[in-house]
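Read the structure below first, then the notes.
Readers should treat all values here as calculations from the given coordinates under stated rules, not as data from a laboratory. Just so it is clear, the structure is predicted and the values come from calculations on it, not from any experiment. Reconstructed Cβ throughout: ideal geometry from the backbone, glycine too, with neighbour counts over all protein chains shown.
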Amino acid sequence: MNVIPSPLDRLLHLEKQVDWLQSLQAKPPLPRDLEYHQFQSRHIWPVDELLLTRLLRRSPQVIGAYQAPAELTRSEQSGLVLTTSETASVFQFCELLGGDAVVWLSSDPPSWVWESPTFRSLFHVPKGIESTDKLVLQVMPLFKPIERGLRWSLFRTGEMVPTHRPFPEHEEQLMLLRRIDFLERQLSQQTIDHRAEISEIRLLLRAQQETLARLLRVSR
């Protein structure tokens, strides 16, 4: 029987993975056993996409060995196509274990990128946003391989959201904290009620003992 991990278990697992990846910063990357990756400088991302998104918000320097500059072009057959850029790029990408690839914006991108057709094709942005400086990555665009390790086509657009909007894992954590708080208050109230019941029972027992003692004295 499969046990589905709770949101709290999942958060704890992700925290452990963050610590593990940070510990790898000082270590040389492991060699790759796939031939089509031997000529590339990047490494396949070994964990899940959620952790990658989280690290991009918190500790982007951790994923340096796994990312590469992205070149994005249009094709009539495949739509938006992703390949490795030979020069610096405002877009970065990395390959996942299953062969898919994800794309994100580099830190401090130039202002023109927000209005570029490529950005608009990659990311959904809520309407009514006055400043793009207040946007943060929520979901990365996902690309499916055309030629594994070399070329990918856009499969799912990503999403940028306002910084004040809570992320799903934060919402799950808040729900857990509210649930824990409710259970603690419920347990505390039950403890108070039980103590009151015990005190009442003790008073009744004492009264019965006194009544029994009086009856015994009268019977003598």
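Assorted remarks:
- Residue-wise HN-Hα couplings along the range 43-48, as the Karplus relation 6.51 cos²θ - 1.76 cosθ + 1.60 with θ = phi - 60° gives them from phi, are 10, 5, 5, x, 10, 8 Hz; Gly and Pro carry x.
- Gain on full stretching of the segment that runs from residue 97 to residue 201 - 0.36 nm per residue minus C-alpha separation: 31.0 nm
- Amide H partners (placed H, <5 Å) of residue 43, local residues excluded: 66, 67
- Extension gain (nm, one decimal) between residue 146 and residue 87, 0.36 nm per residue minus Cα-Cα: 19.1 nm
- FRET efficiency, 1/(1 + (r/R0)^6) with R0 45 Å, evaluated for residue 188 and residue 209 via beta carbons: 0.90
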